[in-house]
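One structure is given below, encoded as structure tokens.
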Amino acid sequence: MSHPRQVTLAASLLLGACLLGSAFSLRRVDQLRTDPASEDLLFFRSPKLLQRMSLGYDGLLADVYWTRTVQYFGARHAAHASHYRQLAPLLAITTTLDPHLMVAYEFGANFLSPQPPYGAGMPDDAVKLVEFGIENNPDNWRLYYDLGFIYYMDMKDYQRAAEAFARGAKVPNAHPVLKILAAQMAQHAGDTQMARALWTTTYQSTEDKQIRANAMAHLRALRVADDVTALEDLVAQYGQKTGQLPKSLADVVAVKLLPGIPLDPTGHPYKLTGSGRIEVEVPDDIPFLEKGAPPGYKPPPPQNLESLPR
Amino acid sequence: MNTRITHIASNTFREAVRDRVLYNLIAFAVLLSGAAILVGQISIEIEKLVVINLGLTAVSLFGIVISIFIGIGLVSKEIEKRTLYTVLSRPVRRWEFIVGKFFGLAGTLVVNTFFMAIGVFGALFYVAHKFQASDSWVLVALYFIVLQFLIICALALLFSSFSSPLLSAVFAFSLFVIGSFSEDLRGFAQMATGATRWLVTGVSYLVPNFSALNIIASVAHGRPVSGQLILHNSAYALLYSAMALSAAILIFQRRNLK
């Protein structure tokens, strides 16, 4: 082998060995550095400072911060975290860098507002975020809808929810349902009927698969709430009629109060407990349950809503 | 354009290609295709936005780096290698040399931008599977980026005509940063009074305004760009470049090359 070839071969081998060695060393360093505080580090807290530092390339920086927000929420959500301290600042930075990034308002409010384990339980911050969105995108009816939704679902402030829907109804090309929601709010505030109308609107007015899956999961939980209320009424009627509680739903069917044993949205029959409560067979398959879960039930870690049994 | 300027411009272009300037296209292609594939998996609903924002930002930054680092050496390198004397001993005027160098570098950047634009639209098609009418505004953003390059090329040439390459790079890059803040500078002027106000206002008009030429975030959302803005930005960039080029010619004309 000629001398230049020998050098080439030796240098190539050295290069490969050093590359592998440095990768191995870095892995060891990563294993040694287990400081969890670094995950929560936000080097720049001022959105305006970041905007200036971006030298006009704020659109790309907003995308980077939005991705960081998604990763932050996803990681903490999956770990059943008790706090989401950086979520609101990350969203504030993202939306200041790009005030027209609608996905950050819609998903961001959905990350911030719901109570744990489904969200950060920070509805006040969600309201601030969406109000900032409305300030910068006053003609987008969807933001008024999101605002009313937060007031209705997570803050139970029906008056403000009605006001938000009414404001949105005035926007050019607003979805007609906003006017109906604003009008119905006074009469049906707090009803599952109202909640169903809201989630149905959410489902019908978006093409996004994740938002639709989330709306569908809530609609199923609402159906269970209605079924459980109705079935518990029938169980009470059975008690009044016979002087004792039924042992199972088959007893209620036997006295013709029910045509058959009803099924929950996942296809499993509802079951009757000894204390006269109605429960679903597999509560883990029905997220957002407000009724029908066993006492003390804790929902499992968040799952991909799109993969739930239909 | 006279033939002497055309010759100098084409030689400048050829030299840039020989210096492997267009190799940046490979890095650009890797960056863009990587982003197009990766972002869909780690973020939500911003694939198209990222392709436009990242694509146009990369076109802009790659071009700015090229225009500064090539522009600063256009005159000084010729002096250092003593090739300038050969050129000027022929019937070539000094102003023709400067203008030819400017067009050569601008041409290199236009060709570079053209290939990058193909990459941006290719990545856009990959993530969206179709083009929309609003995507045509990306072309306007690309045009504005080219206008930015013209200004920076002219400034780099201006500094190159009297300063060393290192200082020219520092000056040109500083002006790019200051130019990105020129609207803030005008805002500060509004808050000041008396002579300071006049001074700051004067400086804010003297430094290039790059913020008006950066519409990347806006076109990423498919927002239209007014014809008036296109017209005035074009006029501004051409006039500013011509001003910087005139200054470069004035300095180079008086420079003692012995």
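Where a number appears in this text, it was derived from the coordinates with a stated rule and is not lab data. Since the model is a prediction, treat every value here as computed from it, not as a measurement. Quick reminder, even Gly has a Cβ in these numbers, built from the backbone with ideal geometry, and neighbours come from all protein chains shown.
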For this session: For segment A:239-290, state which trypsin sites (Lys or Arg not before Pro) are in a DSSP loop and have at most 12 other beta carbons lying within 10 Å of their beta carbon.
Result: A:247, A:256
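When only Cα pairs under 8 Å and 6 or more residues apart are kept, what is the percent relative contact order across segment A:134-209?
Details: 77 pairs, mean separation 19.6, N = 76.
Reported as a whole number, the value is 26 percent.
Which of rounded, prolate or oblate describes chain A when judged by the alpha-carbon gyration tensor and an a/c cut-off of 1.5? Provide the component values of the computation, followed by the final result.
On the way: a/c = 3.02, a/b = 1.59, b/c = 1.90.
In terms of gyration-tensor shape, oblate.
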Problem set entry | Among B:245, B:206, B:155: highest mean-square fluctuation, GNM of chain B, C-alpha pairs under 10 Å | B:206
Exercise. Which peptide among B:78-88, A:213-223, A:258-268, B:43-53 comes first, and what is the full order, when sorted by highest mean count of other Cβ atoms within 10 Å?
Worked result: B:43-53, A:213-223, A:258-268, B:78-88
For this session: Quick one: which residues, 5+ away or cross-chain, put their amide H under 5 Å from the amide H of residue A:120? H built at 1.01 Å from N.
Result: A:112, A:113
Problem set entry | Pairwise centroid distance, computed over Cα atoms, of segment B:211-233 with segment A:48-103, Å | 25 Å
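Within 10 Å of each candidate Cβ there may be at most 16 other Cβ atoms; applying that plus a DSSP loop requirement, which trypsin sites (Lys or Arg not before Pro) in segment A:135-197 survive? Show your work: numbers first, answer last.
Numbers: sites: A:142, A:156, A:160, A:167, A:170, A:179, A:196; in loops: A:156, A:170.
Counting only loop positions with at most 16 other Cβ atoms within 10 Å, the trypsin sites (Lys or Arg not before Pro) in segment A:135-197 are A:156, A:170.
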Problem set entry | trypsin sites (Lys or Arg not before Pro) restricted to DSSP loop in segment B:103-200 with at most 13 other C-beta within 10 Å | B:130
For this session: Please give the average number of partner chain Cβ atoms lying within 10 Å of the Cβ of each residue in B:47-59, rounded to a whole number.
Result: 4
Problem set entry | Of B:157, A:79, A:111, farthest towards positive along the dipole that unit charges on Lys, Arg, Asp, Glu beta carbons give the protein assembly as shown | B:157
Seminar exercise, completed: Here the whole-number average of other chain Cβ atoms within 10 Å per Cβ of A:51-58 is 6
Problem set entry | Whole-Hz ³J(HN,Hα) from phi, Karplus 6.51 cos²θ - 1.76 cosθ + 1.60, for segment A:63-75, glycine and proline x | 4, 5, 5, 5, 4, 5, 4, 4, 5, 4, 5, x, 5
Exercise. Cα to Cα, under 25 Å, and not fewer than 8 places away if on the same chain: which lysines meet these conditions relative to residue B:101?
Worked result: B:77, B:81, B:258
Seminar exercise, completed: Taking GluC sites (Glu not before Pro) in a DSSP loop with at most 14 other Cβ atoms within 10 angstrom as exposed, one finds the longest site-free stretch of chain A at A:1-206
For this session: Determine ³J(HN,Hα), in whole Hz, for all residues of segment A:125-132 in sequence, where each value follows from phi through the Karplus function 6.51 cos²θ - 1.76 cosθ + 1.60 and θ = phi - 60°; x replaces Gly and Pro.
Result: 5, 5, 4, 4, 4, 5, 4, 5
Exercise. What helices in chain B pass both tests, a Cα length along the helix axis of 15 Å or more and a mean Kyte hydropathy of 0.5 or higher, using whole DSSP H runs?
Worked result: B:24-42, B:47-71, B:94-128, B:137-160, B:165-180, B:194-206, B:227-254
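Is the shape of segment A:206-277 rounded, prolate or oblate, going by the alpha carbon gyration tensor and its root eigenvalues a ≥ b ≥ c, with a/c under 1.5 for rounded and a/b larger than b/c for prolate? Numbers along the way, then the final one.
Numbers: a/c = 3.41, a/b = 2.93, b/c = 1.16.
In terms of gyration-tensor shape, prolate.
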For this session: First check a/c for segment B:36-165, with a ≥ b ≥ c the square roots of the eigenvalues of its C-alpha gyration tensor; if it is under 1.5, answer rounded, and if not, answer prolate when a/b is larger than b/c or oblate otherwise.
Result: prolate
Exercise. Expressed as a whole number of Å, what is the distance separating the alpha-carbon centroids of segment B:165-203 and segment B:1-31?
Worked result: 31 Å
For this session: Identify which of B:230, B:215, B:26 has the largest mean-square fluctuation in a Gaussian network model of chain B, with springs joining Cα atoms closer than 10 Å.
Result: B:26
Exercise. Which ³J(HN,Hα) values, rounded to whole Hz and listed in residue order, are derived for segment A:138-143 from phi using the Karplus coefficients 6.51, -1.76 and 1.60 in 6.51 cos²θ - 1.76 cosθ + 1.60 with θ = phi - 60°, glycine and proline given as x?
Worked result: x, 9, 9, 4, 4, 5
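Over chain A, what is the relative contact order in whole percent, taking alpha-carbon pairs under 8 Å and six or more residues apart?
10 percent
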Problem set entry | Cβ-based charge dipole, segment B:21-172, positive-most Cα from B:56, B:172, B:98 | B:98
For this session: Return one number: the angle in degrees, 0 to 90 and rounded to the nearest 10, between the long axis of the Cα atoms of helix A:177-188 and the longest principal axis of the Cα atoms of chain A.
Result: 50 degrees
